[in-house]
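Report on the following structure.
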Amino acid sequence: METLEKYKNLLKEIGKLESATSLLAWDERTYIPESAHEARSQVLGKLSKMAFELSVSDEMGEYLEELTKEDVFQSLSEKDRASVYWVNHDYKRFKAIPPDLFEQYTIDRSKSEFVWEKAKAESNFEMFRPHLEKMVDYAKKFADIFGYEENPYDALLEDYEPGMTARELKEIIEPLRKELVSFLRRLLDEGEAPDTSFLTGNFPKEKQRELSIRALKAMHYDFKAGRLDVSAHPFTTKIGPSDVRITTRYIETELLPAFFGSMHEGGHGLYDQGIDKDLTWTGLDTGASMGIHESQSRLWENYVGRSRAFWQFFYPQLQEVFPEFESVPVEDFYRAVNKVEPSLIRVEADELTYNFHIMLRFELEEGLVNGRIEVKDLPELWDDAMNRYLGVTPPDDAHGVLQDVHWSGGMIGYFPSYMLGNLYAAQIFAAARREIPDLEGKIASGDLLTLREWLREKIHRFGRMYAPKEILEKATGEGPNPEYFLKYVREKFSDVYRL
C-alpha cells in the first residue's frame, strides 16, 4: 500500500532526527565541556523542532487520516495497526502545540537541566527557581493544550502512563500508604535490624566500575550495543538501533549506590535492547510506558539484585574485587543490603520506603499543576512532606528539593511511574516464578539468562505495541494488582528482620 510505505518512510526520517537529538542530549549530560551548553541548547532546540514539525505535519495527518479508516485499518498487520494507533494518539495530542513553542520549550529545558546541576552542586534552590517556574508554566500550558476531563495532571500523566489518572493514583496510594506505614513501624519497633557498618569505607571508583560491569554482564546487558558512563543523575538513553547507553554515579565512601544504580539502569537497558528490531522507527520501538519500563529496572535492581539467591552466586565476585569482604558472611551481607531505614535520597531508598518518596513528589507536583502550590514555596513544602511521609528532614536543598533531575527537564507527571513500576515488578516477578521452574535456584547458580529471555518473550519484544495494562495482562494473566507487592515486602522483610 503506497500510503503505508510513505507513512513508514516519514516515521524513519523522524526517527533519525530523534536519534541525533538523543545522542546530543546524552553527550550534554555526560562529557560536554561546560562552556558548550548554550550552543548545544540551540542545536537541540533546532533538531527537536524539525522532528516535531514532521510528526505533526499535514503530510503525517493525511497519511493517518487514510490509514485510520476502518476498512484500511483492519486490513493492516497487527504491528502496523499498533503503529498507526499510537502515532495517531500522539499526533492528536501534539498537533495542537505550536512548533515555535515546542522549540523554545526544548531550549529552556536544556538550560534548566544545566542550571539544575550547578544549583544542586551548590545546594542553591534560588538559582534554579526561575527555570523551574518556566517548566511548571510549560506543564500547565501543555495540559490545557492536550485537554483533560477532570484534572490537568491527567493530561501530563498520559505521556508517561497512558490511561492512568490522578484519581486512580490516589485510590492506589491511600490503602498502600496505610499498609506500608503500619508494616514499617512494626519492622523498626520489633525487628532485628541488620548491621550495615561494613558497607561504608573506601571503595575506589575504578573498582566500583569493575563490579558494576560484572553485574551487567551477568544480567546479559549487551556491551556491543551499549556502554556504561557517569552522570550527575543515573539514566538510560536509547540512541537508536543497537545503541542503548546507561550511566551511574560513584560515591567512594559507599559501596551500594553505584552498584544498584547500574543494575537499575541495566534493567532499563535490557528492555530497550530486547525490543523487536522489526519495530525500529515505527513509533513502537520504546517501552509500553514509563511504569512498565520502571518495572524492569526495579525487577533487576531489587527482585534479583537484592535477593538472597543473587548473592549466593555473585558474592565471591564482590569479594574478589573488594577482598575486605572475605570476613563478612554472605547472609550478613544479604541482610545489610536490605536494611530498611527512612532516608533522604529517593534513588538510594530501600524497597519498603521508596514508595513514600514517590507519594510526596506526586502530592507536590499535582499541587503545582493545579495552582495550589507555588514554586517559591517548594523547599519548605518538601521538607514538611519528608517529615510527614518519612520522619526525616533534609539538611539542605541538595538533599531535598533539588535531588532529582526530572522537574528540570520538564518531566512533570513522570514520578508516579516509579511507584507503579514497583507494583508492576512484584506482579511480573511472581508470574516469572510461577512459569520458570526453580527460578531462585537458577539465579543462585548464576543463570540470569533464563529470566532475561522470559522477560524478553513476555514484555521486551513488544515495545509499545500494547497499552501498559494489556502488557501486564499478557505477562501475568491479570491487570494491575498491588497485593503482589504487599505480599512480597511482608514476606521478604519479615525474614530479613527476623520477625
Exercise for the section: Evaluate the following for Asp377: is it surrounded by fewer than 19 Cβ atoms within 10 Å (Cβ to Cβ) and closer than 25 Å to Phe493 by Cβ? Expected result: no
Practice task
Could you please let me know if Glu66 is assigned by TED's automatic domain parsing to the domain that holds Asp108, surrounded by 15 or more Cβ atoms within 10 Å (Cβ to Cβ), modelled with pLDDT of 95 or more and among the acidic types (Asp, Glu)?
Solution key: yes
Problem - From the options Lys487, Lys469, Lys492, residue that is among the basic types (Lys, Arg), in contact (Cβ under 8 Å) with a residue 40 or more places away in the chain and under 15 Å from Arg306 (Cα atoms) - result: Lys492
Problem - Members of the stretch 139-154 found to be without any contact (Cβ under 8 Å) to a residue 24 or more places away in the chain, closer than 22 Å to Pro99 by Cα and not in a loop (DSSP other than H, G, I, E, B), listed by number - result: Asp144
Practice task
Hey, can you tell me all the residues within the stretch 420-463 that are under 24 Å from Tyr315 (Cα atoms) and of a type in the set (Lys, Arg)?
Solution key: Arg433, Lys442, Arg452
Exercise for the section: Collect the residues in the stretch 380-389 that are surrounded by 14 or more Cβ atoms within 10 Å (Cβ to Cβ) and closer than 19 Å to Glu122 by Cα, keeping them in residue-number order. Expected result: Trp382, Asp383
Completion exercise
Considering the stretch 6-20, residues that are surrounded by fewer than 18 Cβ atoms within 10 Å (Cβ to Cβ) and of a type in the set (D, E, K, R), and then whichever is farthest from Ser83 (Cα to Cα), we arrive at Lys16
Exercise for the section: Please tell me if His220 is more than 17 Å from Tyr315 (Cα to Cα), in a loop (DSSP other than H, G, I, E, B) and touching a helix residue (DSSP H, G or I) at 6+ places or on another chain (Cβ under 8 Å). Expected result: yes
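Checking the conditions here, which among Leu184, Leu157, Leu188, Leu169 is crowded, with 19+ Cβ neighbours inside 10 Å, of a type outside the set (S, T, N, Q), over 24 Å from the mean Cα position of the chain (by Cα) and assigned to a helix (DSSP H, G or I)?
It is Leu184.
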Exercise for the section: State yes or no: is Met60 touching a residue at least 12 places away in the same chain (Cβ under 8 Å) and within 17 Å of Gly240 (Cβ to Cβ)? Expected result: no
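Looking for whichever is of a type in the set (A, V, I, L, M), touching a residue at least 12 places away in the same chain (Cβ under 8 Å) and over 27 Å from Phe333 (Cα atoms) here; the options are Ala232, Ala215. Which one fits?
Numbers: Ala215 fails: over 27 Å from Phe333 (Cα atoms).
From the options Ala232, Ala215, the qualifying one is Ala232.
For the subset of the stretch 240-263 comprising residues that are acidic (Asp, Glu) and closer than 15 Å to Phe322 by Cβ, which member is nearest to the chain's Cα centre (by Cα)? Show your work before the answer.
First pass over the stretch 240-263, keeping only residues acidic (Asp, Glu): 243, 252, 254.
Subsequent filtering for residues that are closer than 15 Å to Phe322 by Cβ retains 252, 254.
Details: Glu252: 25, Glu254: 23 Å.
Only one residue fits best here, namely Glu254.
Condition check ((1) surrounded by fewer than 21 Cβ atoms within 10 Å (Cβ to Cβ); (2) closer than 20 Å to Lys492 by Cα) across all residues:
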residue: Arg308; (1), (2): yes, yes
residue: Gln312; (1), (2): yes, yes
residue: Val330; (1), (2): yes, yes
residue: Ala336; (1), (2): yes, yes
residue: Arg346; (1), (2): yes, no
residue: Glu351; (1), (2): no, yes
Problem - Matching residues in the stretch 116-138 - criterion: being without any contact (Cβ under 8 Å) to a residue 24 or more places away in the chain and surrounded by 16 or more Cβ atoms within 10 Å (Cβ to Cβ) - result: Met127
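The values are calculated or read from the model by the stated rules, or taken from the named source; none is laboratory data. A quick note: this is a predicted structure, and the numbers were derived from the prediction, not measured. Ideal geometry is used to build each Cβ from the backbone, glycine not excepted, and the neighbour counts take in all protein chains shown.
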